[in-house]
Amino acid sequence: MPQTATALAEHSTVADGGPPGSEFAPLLRTVKGRGFLERRRGWYAREICVNALALAGAVTGIVLTGDSWAVLLLAPVLAVLSARTAFIGHDAGHSQITDDKAVGRLIGLVHGNLLLGMSYSWWNHKHNRHHANPNHIDKDPDVAADVLVFTSGQAKGRAGFRRWLTRNQAWLFFPLTLLEGVALKVHGFRDLRRQPPGERAVEALLLVAHVVAYATLLLTSMSPGKALAFAALHQALFGLHLGMSFAPNHKGMEMPDPDGERWGHLRRQVLTSRNVRGGALTDWFLGGLNYQIEHHLFPSMPRPHLRLVQPLVRARCGELGITYAETGLVDSYRQALRHMHEVGEPLRVE
């Protein structure tokens, strides 16, 4: 399971030579004292129920619309609801909903494996490593060289088609996110080999159940051609929504030098993260991930508390002279894409 803020602080080693978590400890005490780490079970119960009813409504709409091209109008609706479902699974993985691990896992399995076909275990395993060392080139799987690269060093070794991808990755980023919905499912199935037998059996059963239920819904409601078109549109928009939610968070932010000064928890999380300004609509669209700094500092903090603790975090960073990055949604994309463009620059001038 992803680590709590307290565990991360106790594990950290700060650069100023003080005790573990020395820069973070006063902030953590204040946040705990004000009750911001306490669970909001009622809030999440409403979120889960509303999301479940909306999903049921969308499925009913698909069945009632039937074999008509008009059914494609429901694909964007289902894509948005799928992203909402993913946000709930994400929060369950961080123990934001409940501190009962069994209940949290059940919520995660239902919202991840069963409703999305996305492995809860795979996501937690990967996401936990990301939270422990964000933007660390050797430790964060989210900045490992794959389809995209994030440093000039990673770009140098590219050849063939991957070289072309890197040269044009800023332009290709959002088009590539259209494949993310399918890619998440593939990663989940591949990860089954890593999981212990008991966990693997449950995860595999739910992943297969999702695929069967999804295919049955579409193929019994519409012709194969329309079903394929619906699935393609739904998965593409779902991936795009997730890409738009995750892109602003760390791309273009500080990347710790593996051989340089070691940062404590506060600096490690703040300097590598970017917040996105906005109101209730931004909070809803990005699932609370627009408070990325606060989320990384306090991963188990319930989503509705992130905006409340933001002034405390900003003030603490001001006291220590630590840059607190915050920008608008459009500018966050511009900064992320500019970083990817700069990384590929050497390959374009050769």
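Per-structure values
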quantity: Residue in the stretch 103-114 that is of a type in the set (A, V, I, L, M), open to solvent by 30 Å² or more (accessible area, probe 1.4 Å) and out of contact with any helix residue (DSSP H, G or I) (no Cβ under 9 Å at 6 or more places or on another chain) present; calculated: no
quantity: Members of the stretch 23-44 found to be part of a helix (DSSP H, G or I) and at positive phi, listed by number; calculated: none
quantity: Selection within the stretch 264-289 - in contact with a Leu (Cβ under 8 Å, 6 or more places away or on another chain) and among the polar types (S, T, N, Q); calculated: GLN269, THR282
quantity: Selection count where residues are among the hydroxyl-bearing types (Ser, Thr, Tyr) and in a helix (DSSP H, G or I), scope the stretch 266-306; calculated: 1
quantity: Sole exception among (1) in contact with an Asp or Glu (Cβ under 9 Å, 6 or more places away or on another chain); (2) in a helix (DSSP H, G or I); (3) open to solvent by 50 Å² or more (accessible area, probe 1.4 Å) for GLN310, by number; calculated: (3)
quantity: In the stretch 70-102, residue farthest from the chain's Cα centre (by Cα) [restricted to those that are open to solvent by 10 Å² or more (accessible area, probe 1.4 Å) and acidic (Asp, Glu)]; calculated: ASP100
quantity: Number of positions in the stretch 39-69 that are exposed (fewer than 12 other Cβ atoms within 10 Å of the Cβ) and under 16 Å from TYR214 (Cβ atoms); calculated: 2
quantity: Of residues in the stretch 15-29 being open to solvent by 50 Å² or more (accessible area, probe 1.4 Å) and under 28 Å from the mean Cα position of the chain (by Cα), the one modelled with the lowest pLDDT; calculated: PRO20
quantity: All positions within the stretch 183-217 that are touching a His at 6+ places or on another chain (Cβ under 9 Å) and open to solvent by less than 30 Å² (accessible area, probe 1.4 Å); calculated: ASP191, GLN195
quantity: Test for PRO248: is it under 21 Å from VAL80 (Cα atoms), in contact (Cβ under 8 Å) with a residue 40 or more places away in the chain and open to solvent by less than 50 Å² (accessible area, probe 1.4 Å); calculated: yes
quantity: ASN135 open to solvent by less than 10 Å² (accessible area, probe 1.4 Å) and either within 28 Å of HIS339 (Cα to Cα) or touching a helix residue (DSSP H, G or I) at 6+ places or on another chain (Cβ under 8 Å) (or both); calculated: yes
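Yes/no per residue for (1) surrounded by 17 or more Cβ atoms within 10 Å (Cβ to Cβ); (2) charged (D, E, K, R); (3) over 15 Å from TYR291 (Cβ atoms):
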position	(1), (2), (3)
MET301	yes, no, no
LEU306	yes, no, no
GLY318	no, no, yes
VAL330	no, no, yes
MET340	yes, no, yes
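The values are calculated or read from the model by the stated rules, or taken from the named source; none is laboratory data. Computed from a predicted structure; not experimentally measured. Positions of Cβ are generated from backbone atoms using ideal geometry, with glycine treated the same way; all protein chains shown enter the neighbour counts. Areas reflect the complete protein model, heavy atoms only, side chains present, ligands, DNA and RNA absent. Shrake-Rupley method; radii C 1.70, N 1.55, O 1.52, S 1.80 Å.
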